[in-house]
């Protein structure tokens, strides 16, 4: 258990909680959107939208509940922010890649 | 596991749990009751004699009603079977605008022995519906597009999900070592903590599922909007059924007899047992009949029903998305999720399992709050003088017992008041007032009397409150002419029987709590015995409260 002081996680309650709430939700929506396009059946499968909506809280709360493992709130924002941005960019270009208007 | 992780997640667990705990207690307790919402509704409906009609008369009944009661053109429900809570074979809401939760002006129609139409206004019992509202909102009032309390519970469920994960993280290092051990020793806190952990870990999947589904129930509109904005864009989220193509005019004379529709349906879905047929806009272009029914071999979309839509003029089956056993795979997943929340699979056995899961959940939240209080307890040192407990823990302890036992007592007294004061005022006002008066008075009582005395008295009060339910039934059976009634079908009598058991268990719980409160450790918020003035620590026989 001898950890150097810098390795100890800081609580950073407010910044981590905001990262989990906001970026977590943004990332969750993007993951669900990517699955809507790339996952089984593709975007036009009837009734799949219900599934895509239902799993958002699962992604969201998983991310949010694990956000406190980041060493600092700043790291949480940087890592989750980058992941959220990347996921949304991927989601944005997906229709072009798949050739669907 | 690293100590800093445990510490962080312990803090997270403590505060999310503390904020969410009491509201969740109410929702879980009321949710356990809603597992038998249909039975409760039958139990709460005064006996009525309803002239029932033959299957062959259904169409005549519909046509005659439409001819004489234009309000029924908005839609009506044809009940296929009599039950205690079914006021007529054909019912409609003459004023459907005011609320989307309850019929505001329910009317019923039937045919008398000579085949003449008889219509009447009736009063539907709101009791089961109010228990359901309590389940969905924890009793937090207000109504917008959704009930305001539903949004609050959505937020609470976010905290609840965080509490579940953080609780698991805290427990992980000792999970295998202490697995399913409940230590009943001198250390009462250890006992409560063990019990909290065992119940929590064994029902973990249930709680994860409940937390996530409630977030969806509250925020599905917003989540759909997010998906529409980022992903679906111009694509419609939901398919609309193609407009009906019919060769006939949509007038009452062209309606197909319901028995013919049911025969058609039987070919598509032989195992589906139809219970009621809800006609919407029967004389309009978009005329549709939604048939609700049971199928015990499949999970269903509603709390006890699957659905199928048909064209009332052609008899074509229009949507089989929610017809049990015929869903497409995506809908089947969704139905499974709904079904897991509602416990609507596996019949009455599974409903009882869900009742106990709900009550076990309520125990987790109650014990969680008590553990918070216990952790902050100021211990009396050996040979030290009496200690004063912190104000915050006293208040938290009072709030917990007031809210929890107030809700438990409130529902029971509301149920009994609904029978004794029946017809003295509007039924929904009566039930609401009875619940909130008892609930708020209990909370006030808990703060006034303090946690120790308050707990003993309020648990006993809740026990007596539940005993009024079977007592009312007994009086109604023995003494004719009193306003109260008793429904004597086995299912409805089981309500009275369950209330009797609940009342007796609560009285026993109160007796045991009293032992600790008056004879237990003096250095506790719960102690309410003789003030301790001497320096000798009081010798205690450990007694699991």
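Bear in mind these aren't lab numbers, they're just calculated from the coordinates by the rules spelled out. Note that the structure is a prediction, hence the values are computed from the model and not measured. Note that we place each Cβ from the backbone using ideal geometry, even for glycine, and neighbour counts take in every protein chain shown.
Worth a mention:
- Neighbour counts of other Cβ atoms within 10 Å put B:6, A:97, B:215 in the fewest-to-most order A:97, B:6, B:215.
- Value at 222 nm in deg cm²/dmol, rounded to 500, when DSSP H runs of n ≥ 4 in the protein assembly as shown each add -39,500 (n - 2.57): -19000 deg cm²/dmol
- Relative contact order computed over region B:47-124 (Cα-Cα under 8 Å; 6+ residues apart), in percent: 27
- Theoretical FRET efficiency, 1/(1+(r/R0)^6), r = Cβ-Cβ of residue A:82 and residue B:336, R0 45 Å, to 0.05: 0.80
- By the count of other C-beta atoms within 10 Å, a proxy for reagent exposure, A:16, A:48, B:379 are ordered fewest to most as B:379, A:48, A:16.
- Net lengthening on full extension, residue B:105/residue B:3 (0.36 nm per residue, minus Cα-Cα): 30.6 nm
- C-alpha long axis of helix A:48-66 to longest principal axis of chain A, angle in °: 10
- Virtual spin-label span in nm between residue B:440 and residue B:19, 7 Å along Cα→Cβ: 2.6
- Residue exposure sequence - B:377, B:121, A:71 - by fewest surrounding Cβ within 10 Å: B:121, A:71, B:377
- Estimated distance in nm for a label pair at residue B:123 and residue A:92, the labels positioned 7 Å out from Cα along Cα-to-Cβ: 6.1
- When only alpha carbons are used to place a centre, region B:115-186 and region B:449-504 end up 23 Å from one another.
- Under the simplified labelling scheme, the residue B:477-residue B:239 pair shows an inter-label distance of 5.4 nm, with each label point 7 Å from Cα along Cα→Cβ.
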